[in-house]
Amino acid sequence: MQKRSIVPIVYILFLMLPIYWLVAMSFKTTNEILSGFSLFPQTFTLENYKVIFTDPTWYWGYINSILYVSINTVISVCVALPAAYAFSRYRFLGDKQLFFWLLTNRMAPAAVFALPFFQLYSAVGLFDTHLAVAMAHCLFNIPLAVWILEGFMGGVPKELDETAYVDGYSFPRFFVSIFLPAIKAGVGVAAFFCFMFSWVELLLAKTLTAVEAKPIAATMTKTASSAGYELGLLAAAGTLTIIPGAIVIYFVRNYIAKGFAMGRV
Amino acid sequence: MKTENQKAWFFVLPVLLLVAFNALIPMMTVVNYSVQETFGDNVFFWQGLDWFQQILRSDRFHAALGRQFLFTFLILIIEVPLGIAIALSMPRQGIWVPVCLVLMALPMLIPWNVVGAMWNIFTLPDIGLLGYTLNHVLGLNYDMTQDPIAAWVTIVTMDVWHWTSLVVLLSYAGLVSIPDAYYQAAKIDGASNWSVFRYIQLPKMKTVLTIAILLRFMDSFNIYTEPFVLTGGGPGNSTTLLSIDLVKIALGQFDLGPAAAMSLIYFAITLLVSWLFYTLMTKDDQN
């Protein structure tokens, strides 16, 4: 057991090194970064973070990102729930084809859709809104949410539904008060993955926004190219983008492993 | 058994409408562009299948496609065995389990352009941790802006760093679902570590591994942001993967027709290979 734990430790060290470097860089002054190599910040500074928290173009980037990611997660999970229920409980005309078609949307490269998405969302007047990005991300998040939830629902015996109907539950009441609690791990896992893929995607988010709903990642790219080469500021902004993900994964940590085991194996 | 019920369509309708809005309309736009030529001002000329022929015969497309397959092959061959090995050596219970899972999942939750920027900072020859170590401590001549091999090693290492955890998490989920009784039975029979892996653990991980391999294939085949931020496709064209080339043609040169034709060919290849993977890996279940 002791000898075996070396592998995960070495792996986690490998994962942490680039993250450490980013965080260390964010506490350095631009002068120190450009003057040469140092393993730890020599003159520890919070200046980079101060810039981000006081400049509206920076902190609004975070707020925008969190807004559209949340909207997307809520939409994806809410519409995926009934669909996943239908796929797991009923046979209907074209069900298999529909399921496969949904999955194919995860295979479409975002680069393919960038320009048509811009035209589509401009045409319906949603360009540069949080809703546009949230809806565009539905393209790959809904199929994934349906896929994950369907797996979890398959693990719930059908007798549960039948007993509830015999007991006189209406469908909506059964779904909310009996079925949802039974698959709450699945809802957690699905929401986690929706959050994750919406949070990390940039190409579509950047294409569909200009000013009002610009994501933090786009603010970063613009800074990287325009304001010379402010590595410290860039590193601080990068460090802050890790935090929401870390919080979300902390909440679902117990569901991730157990959840997948229950759902798909 | 599932019951036959056509009303189930009502449950699927919201999903269908949302995904169709996002998938069909843009796809039709792409199809539309792929058979036309434009000189701007919304004037279009019918072009037929010329763009498709041109793309399929172009050396540039073949080179990008070759690089794309090489990249996907490399990361699958590294990430899948490595992910399984790490999952096998992880503790099954105790306080370290959530710690391991949270730390391992962290790279997956970092926005993709930040991943690229982070690796850029990490590998800068004179001031990055990795670049400095390779150049000044180990005495290698490492500069990925000049050396194509170094650029390749860097983008593959970055992807291994980024996504191996997905394979680990999914394999681990498969492993913890195996009841202890299986292991006890194997112990009584005197089974070797290898046979335990081959006949107990691997079959139990099969479903999750199928998901992991499919997801890794699709996402690595469509990868854009991380290598674009890290290397910009260079040096030269050495790391210009398919989607980087596609964006160059579509938004850089604004050749909408060829770009659209290329998109459709690209999508078709992804679909075909995913379908092949899926059929091969679920073949045993059908029999």
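The values are calculated or read from the model by the stated rules, or taken from the named source; none is laboratory data. What you are looking at is a predicted structure, and each value in this text was computed from that prediction instead of being measured. Here the Cβ positions follow ideal geometry from the backbone for every residue, glycine too, while neighbour counts run over all protein chains shown.
Figures for the structure shown
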{"read-out": "Residue that is β-branched (V, I, T), facing chain A (nearest Cβ under 10 Å) and surrounded by 14 or more Cβ atoms within 10 Å (Cβ to Cβ), where the choices are B:V167, B:V196, B:V115", "value": "B:V115"}
{"read-out": "Which listed residue, of B:T231, B:T225, is of a type in the set (S, T, Y), buried (at least 23 other Cβ atoms within 10 Å of the Cβ) and away from chain A (no Cβ under 12 Å)", "value": "B:T231"}
{"read-out": "Residue count for region B:251-270, restricted to those that are in contact with a Ser or Thr (Cβ under 8 Å, 6 or more places away or on another chain) and either within 26 Å of B:Q146 (Cβ to Cβ) or without any contact (Cβ under 8 Å) to a residue 12 or more places away in the chain (or both)", "value": "0"}
{"read-out": "Conditions (1) farther than 30 Å from A:G188 by Cβ; (2) surrounded by fewer than 17 Cβ atoms within 10 Å (Cβ to Cβ); (3) within 9 Å of another protein chain (Cβ to nearest Cβ); number of the one not met by A:K50", "value": "(3)"}
{"read-out": "Residue within region B:59-74 that is within 14 Å of B:A260 (Cβ to Cβ) and in contact with a helix residue (DSSP H, G or I) (Cβ under 6 Å, 6 or more places away or on another chain) present", "value": "yes"}
{"read-out": "Among the candidates B:A261, B:A185, B:A268, residue that is assigned to a helix (DSSP H, G or I), at pLDDT 85 or above, farther than 27 Å from B:D159 by Cβ and within 13 Å of chain A (Cβ to nearest Cβ)", "value": "B:A261"}
{"read-out": "Residues located in region A:118-137, provided they are out of contact with any Ser or Thr (no Cβ under 6 Å at 6 or more places or on another chain), outside any loop (DSSP other than H, G, I, E, B) and either within 19 Å of A:I75 (Cβ to Cβ) or among the hydroxyl-bearing types (S, T, Y) (or both)", "value": "A:L120, A:Y121, A:S122, A:H130, A:L131, A:A132, A:V133, A:A134, A:M135, A:A136"}
{"read-out": "Every residue from region B:132-169 that is at pLDDT 90 or above and aromatic (F, W, Y)", "value": "B:W152, B:W161, B:W163"}
{"read-out": "Any hit, region A:116-135, residues being within 20 Å of the chain's Cα centre (by Cα), at pLDDT below 90 and more than 19 Å from A:L67 (Cβ to Cβ)", "value": "no"}
{"read-out": "Candidates B:L214, B:L209, B:L230, filtered to the one that is more than 19 Å from B:A87 (Cβ to Cβ), touching a residue at least 40 places away in the same chain (Cβ under 8 Å) and of a type in the set (A, V, I, L, M)", "value": "B:L230"}
